[in-house]
Each structure stands twice: as C-alpha cells, then as structure tokens.
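Okay, so here's the structure we're looking at.
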Amino acid sequence: QKTYKIASIPGDGIGKEVVPHGQIIADVAARQHGFAIEWTVFDWSCETYLETGQMMPDDGIEQLKKFDAIYLGAVGWPTVPDHVSLWGLLLPIRREMNQYANIRHIRLLDGVQSPLAGRSPEDIDFIVVRENVEGEYSELGGRMNRGTPDELAIQEAVFTRKGTDRIMKYAFELAQKRARKQVTSATKSNGIKHSMPFWDERFAAMSAQYPDISTNQFHIDILTAHFVRNPDWFDVIVASNLFGDILSDLGPAIAGSIGIAPSANINPEREFPSMFEPVHGSAPDIAGKGIANPIGAIWTIAELLEHLGENAAAAQIEAAMQQSLMHDETKTADLGGSATTQGCVDTILNAM
Ligand code: NAD
Ligand code: IPM
Ligand code: MN
C-alpha cells in the first residue's frame, strides 16, 4: 500500500481549528481508496516565535523537503507583527521551495448564495494564477531616517523574464485544459512605469505562442470592478503576486465566503514539495469560538490529494463537501448557516 508523507503546519488561530479536520477527512478518504498518509505535525506558529524567537527552526525548510506535500492552516497573530511572522514562515517556504505558481480556484458552489444579485454557479467559475515568489513581495528596499520628518521607505518590485514567462506559461497551459480557453492578464501599465509595461510585453509574446487561447487584459482597478459586475467574463486570470493576492480574496467573496477558498502553492517541476493552504488567514476575530468554516481547509486537502494523483479520493471529498453546503443547518455562519465547525465536518464525514 502506498504511504504518503505529509507535513502539517496548523499555524495560528483558526488554522489550528480547521487543519486537524482536514487531516481526519484525508485519512478517511485514504482508507477507502487504498492508500495511507503518514502525518508529521509541526507546531511552528506565533506561539513558537514568542517562546523561541523564531517562527521555525533554522533548518525548517530542510526538514520540509523530505515530504510529498505540505498542508498549512494560517500564519499570523496580533501578538507578533505580521511581516515578522509571515517572512519567518509562510513566505520563505513558498520562495525557497520555488512554489512559483499559486493556483486559486474560485467557484460558486451549489447551495451557496453569492452576494451578487441573480448569480448562479455557471456565472462564477474561474481560476486566479498568481505569481508567488517575486513581484511586489520583495526584500529589496529599506527604511531610512526613522522617526524623523525625513523618514522614508523604499520597496522594490522584481519582475524577471524567467519568472514572468513561466507563470504565464502555466496560465496558458491551464486554460488549454478548460472549456473556455481564455486567459485574462491583470495589469497596471498606465501607472506603474517599468514592471507592468514589461508584464504586458511578455503577455503579448506568450499569447502569440498559444493561438488556441483567447486573451484580454484589464488594469487591476477596473478588473476588480468587473469581478463584481461581470464575473461571468472570466476563465483563467494571470496576475502578479500582489494583484493575485487581492483578486483571490475578492473572488471568494463574490463566491460566498473567504472561508471556502482553496490555494495551491505549486512547484511545477516537482523539485520540492508543493504546499496547500486555505486562502483565508488566522481570523483572530472568530478564533476559539468553534465557528470557523472548515470548507476552505477541506477543499484544500482535496486539491493536495489530487496533486498526489489520488483523484478518486479528492473527488469523494469534494462531493461530500458539496453535500454539507445544501442545508443551512450544516453550513457555517459566514455562509448564512447555523452549523459549528464540528457540525459541518460531521456532515461531511457522514457523507463519506
Ligand atoms: P482573515 O482571512 O484571517 O480574516 C478576514 C475575515 O474573514 C475575518 O472577519 C474572519 O473572521 C473571516 N474569516 C476568515 N476565514 C474564515 C473562515 N474559515 N470561516 C469564517 N470566517 C472566516 O484575514 P485578516 O484578518 O486579514 O488576517 C488575520 C491574520 O492572518 C493576519 O495575521 C494575516 O497576516 C494572516 N493571514 C495569513 C494567511 C495565511 O497564512 N495564508 C492568509 C491571510 C491572512
Ligand atoms: C495569502 C496571504 C499572504 C499573501 C500573506 C499572509 C503574506 O494573504 O496567502 O493570500 O499575501 O500571500
Ligand atoms: Mn491573501
């Protein structure tokens, strides 16, 4: 029997609440589909930081390299500045494991109400392909003259030809597998003087290599408006690190809730493990109350199993998850329901 080694990092806040459920659901699916999972749970979090001064040990990334995949909850807690916790754990994993493709599915699922009037599942079904290791998220820059009237912060963005072309290639190849075969580019080449004109040039060059794919592009400002007014226009959207981050919170919001959205940090060359995490964060405002929506973490574990080639197990989890969304009593409050986290999970386990 095949046994996968998976690293689990629940992290902070509701990450600690939803990830254990995702593990149990994956184990149930594994038993039914003839494989096993050997979990190693890492307690790396803001609590660890407050005790040790580090979000993860010096050899943390090395430790993760031996796994088949990584399952992460959320990182960040009000007791530690966000740039310290995120640059101490989540962002280095993405970067050092070369997980340059961040794939975020946005789908209005059956049984979920969109906040947009009159929208049904056919209208909202797209994927944000977010560049995940360069762009606006950069260590280049600095701060000067702190605390003086001449205080200054400089933050550089980095767009390499390799990095830009490979994320666009990923988006085009993904679009080739979908019915609509369309790629939209998120740009801002009117206001951002260097990186975005370069991004547009590379998008034009890559488009020419995929004559079977139709393309269009929008500046990021109007693109966010189109997500709300015309979500049915979109299929695959390719975006820089920051623009993709913003679009992938707005997308789940129009598809019902940030609490349902999955995210896959993929290293397409499989030199290193890929990492799977819900899009949402640690939600300090609801942490500890037992009401977090577990669907984001559960959809995420289905994507992780699919990545490992366990498609039937993934499909079973998605089908069970779908059943929990059909009734108010089995949906959590963010979706207008009355279920607790545990209540929603129990429905999914019963359906499996
Ligand atoms: P957040 O996603 O944690 O919360 C935003 C809002 O959505 C809150 O009102 C929260 O209650 C709600 N929400 C989020 N997930 C939910 C769920 N599963 N069920 C029900 N409601 C849910 O975003 P934030 O408040 O900007 O960030 C909080 C902390 O998490 C910060 O430290 C931030 O840096 C971090 N963060 C981490 C990740 C990650 O690790 N991938 C992602 C985003 C934010
Ligand atoms: C996400 C998060 C992270 C990001 C933060 C916590 C650094 O918002 O995964 O979307 O911006 O990538
Ligand atoms: Mn985000």
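Rule-based calculations on the coordinates, nothing more; no lab input. Just so we're clear, the structure is a prediction, and the values are computed from it rather than from any experiment. Methodologically, a virtual Cβ is constructed for each residue, glycine included, from the backbone with ideal geometry; neighbour enumeration extends over all protein chains shown.
Things to note:
- In percent, rounded to a whole number, the relative contact order of segment 226-352 is 19, using alpha-carbon pairs under 8 Å and six or more apart.
- Among residues other than residue 121 with Cβ under 12 Å from its Cβ, the summed charge is -3 (Lys and Arg +1, Asp and Glu -1).
- Cross-link pairs exceeding 23 Å in C-alpha to C-alpha distance, out of 2/331; 66/162; 16/289; 65/289; 177/331; 66/169, comprise 2/331; 66/162; 65/289; 177/331; 66/169.
- Loop GluC sites (Glu not before Pro), segment 99-171, which have at most 12 other Cβ atoms in a 10 Å radius of their Cβ (DSSP): 139, 151, 156
- Percent of beta bridges antiparallel (DSSP, the chain, rounded to nearest 5): 40 percent
- Residue 219 versus residue 249: modelled label distance in nm, points set 7 Å from Cα along the beta carbon direction: 2.2 nm
- For the peptides 1-7, 252-258, the ranking by mean Cβ contacts within 10 Å, running from highest to lowest, is 252-258, 1-7.
- The calculated FRET efficiency for residue 208 paired with residue 117, based on their beta-carbon distance and R0 = 30 Å, is about 0.15.
- Between residue 2 and residue 190, full extension at 0.36 nm per residue minus the direct alpha carbon distance yields a gain of 62.5 nm.
- Karplus-derived HN-Hα couplings along segment 217-229 (A = 6.51, B = -1.76, C = 1.60, θ = phi - 60°), whole Hz, x at Gly and Pro: 8, 9, 5, 4, 5, 6, 4, 5, 5, 5, 4, 7, 7
- Two-site label geometry, residue 82 and residue 66: point separation in nm, points 7 Å out along Cα→Cβ: 3.5 nm
- Length added when fully stretched, residue 152-residue 226, from 0.36 nm per residue minus Cα-Cα: 23.1 nm
- Percentage relative contact order, the chain, counting C-alpha pairs under 8 Å, at least six apart: 22 percent
- Estimated distance in nm for a label pair at residue 318 and residue 342, the labels positioned 7 Å out from Cα along Cα-to-Cβ: 3.1 nm
- Report summary: the helix-based calculation at 222 nm, which adds -39500 (n - 2.57) for every DSSP H run with n ≥ 4 and divides by the residues of the chain, gives -12000 deg cm²/dmol.
- The chain shape via C-alpha gyration tensor axes, a/c threshold 1.5: rounded
- Our summary gives segment 114-255 a relative contact order of 38 percent, counting only alpha carbon pairs under 8 angstrom and 6 or more residues apart.
- At an R0 of 25 angstrom, the distance between the Cβ atoms of residue 33 and residue 178 translates into a FRET efficiency of 0.45.
- Available extension along the chain between residue 350 and residue 40 is 109.0 nm, counting 0.36 nm per residue and deducting the alpha carbon span.
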